[in-house]
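Accompanying notes for the structure given below.
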Amino acid sequence: MKDYYQILGVPRNASQDDVKKAYRKLAHQFHPDKTAGNEDKFKEVSEAYQVLGDERRRAQYDRFGSDGFGSAGPGFGGGPQGGVEWDFSGFGQDFEGVDLGDIFGDMFGFGGAARSRTPRGRDIAIDIELSFKEAAFGVERSVLLRKAAVCASCKGEGKEPGTSANPCASCNGSGSVHETRRSMFGSVTKLRTCTVCHGKGEVPKEPCKACRGDGVVQASEEIVLAVPSGIDNGEMIKLVGKGEAIAGGIAGDLYVKVHVHPDKRFSRAGYDVATSLEVSVTEALLGASKQVETLDGSIQVQIPAGTASGDMLRIRGKGIPRARGGRGDLLIKTIIKPPRKLSKKARQLLEELQKEGL
């Protein structure tokens with residue numbers, strides 16, 4: 001597992017400003033355009049800052065580490081080795097029989113060509129629903145997925161246990177084949193993964209009966225999701241390698257989109273939680289002790305004398321847990337509720353107060 005704190009040279013309790021300063025210093029030092037630059041170091045530092053420079057991503061990294069953390073979504077982000085992967089696949093689908101995404105990927109050393117040598121399973125996207133309180137404090141959820149998984153019988157090798165394999169005749173045992181095409185750029189030769197042996201360089205003498213030689217089967221898998229505290233509606237959790245398996249390659253990723261149900265008592269403002277409290281006219285004028293619902297249960301709150309409708313009371317530490325420790329606050333908006341009907345005595349008292357200018 002990569003230690004992003006060590007890469008940036010900061011302690012785990014470093015502030016966000018210290019993380020930013022460390023990144024700027026190292027990025028300037030290792031920038032590839034400088035004479036003494038180092039492209040690999042620059043990429044490593046940039047990857048670390050993508051995570052630690054964002055408070056929510058940093059909290060997810062602290063909890064799950066780099067192995068269970070994707071710094072970005074599909075197309076531009078975490079590649080099979082955890083670095084930054086530039087995806088040229090959408091640049092152009094086909095021009096005179098040649099994929100321009102592959103050409104530009106080869107030119108820059110990223111993208112299509114690298115991925116073709118290591119097949120990757122499909123990503124899976126699912127949705128989960130959480131209550132307001134579950135999203136605030138975090139929760140574990142189990143989901144059952146039906147997906148392509150490595151065959152348990154042959155361990156993904158595609159052959160019956162105890163049997164051997166022959167060199168692939170299609171690629172002569174190399175696992176890849178050369179493919180040459182003519183285009184506006186001249187003759188372009190690509191190295192493609194062999195579709196017969198899926199890059200293994202060999203084919204089984206006796207295919208596995210369980211998976212028919214594919215190395216993968218459709219199977220159900222229970223996955224436990226550790227939803228971090230403070231997650232917000234619409235945010236995405238990425239579980240690396242929990243997508244579909246593929247023969248001779250690496251599994252795709254699982255993307256979990258979170259939907260948080262609204263709560264009639266609370267609303268969210270960052271890490272603060274807002275609620276409202278009805279008070280009577282006399283309670284507002286004279287002050288009172290009122291019971292208020294919080295995420296942790298009911299508490300008694302003192303309403304100061306002379307409180308006006310719309311005043312905001314702040315209760316420290318009763319909000320949503322912060323990524324780096326501590327909690328937000330509970331914001332209580334007072335709403336003065338006048339009585340619909342007045343008794344004769346109450347009206348007389350109010351008339352006396354009115355005479356005194358109150």
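See the values below:
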read-out	value
Close pairs from the range 154-169: first farther than 12 Å from E202 by Cβ, partner among the polar types (S, T, N, Q), Cβ under 7 Å, at least 6 apart	P161/S153
Every pair of residues 6+ apart whose Cβ atoms lie under 8 Å, when the first sits in the range 28-56 and is farther than 26 Å from N13 by Cβ while the second is among the charged types (D, E, K, R)	P32/E39
Any hit, the range 267-287, residues being part of a loop (DSSP other than H, G, I, E, B), at pLDDT 95 or above and either in contact with a helix residue (DSSP H, G or I) (Cβ under 8 Å, 6 or more places away or on another chain) or among the aliphatic types (A, V, I, L, M) (or both)	no
Some residue of the range 208-228 being touching a Pro at 6+ places or on another chain (Cβ under 6 Å), modelled with pLDDT under 90 and buried (at least 18 other Cβ atoms within 10 Å of the Cβ)	yes
Matching residues in the range 122-140 - criterion: being surrounded by 15 or more Cβ atoms within 10 Å (Cβ to Cβ) and in a strand (DSSP E or B)	I124, I128, L130, V139
Matching residues in the range 288-297 - criterion: being within 33 Å of the chain's Cα centre (by Cα) and either more than 25 Å from G328 (Cα to Cα) or in a strand (DSSP E or B) (or both)	E293, T294, G297
Residue in the range 172-183 that is more than 30 Å from V224 (Cβ to Cβ), loosely packed, with under 13 Cβ neighbours inside 10 Å, out of contact with any strand residue (DSSP E or B) (no Cβ under 6 Å at 6 or more places or on another chain) and among the hydroxyl-bearing types (S, T, Y) present	no
Test: residue in the range 190-200 that is in contact (Cβ under 8 Å) with a residue 12 or more places away in the chain, outside the structural domain of G325 (by TED's automatic domain parsing) and among the aliphatic types (A, V, I, L, M)	yes
Condition check for L313: free of Cβ contacts under 8 Å to residues at least 40 places away in the same chain and over 30 Å from R56 (Cα atoms)	no
Any chance S220 is of a type in the set (S, T, Y) and within 30 Å of K155 (Cβ to Cβ)	yes
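The values are calculated or read from the model by the stated rules, or taken from the named source; none is laboratory data. Just so it is clear, the structure is predicted and the values come from calculations on it, not from any experiment. Virtual Cβ from ideal backbone geometry, glycine too; neighbours counted across all protein chains shown.
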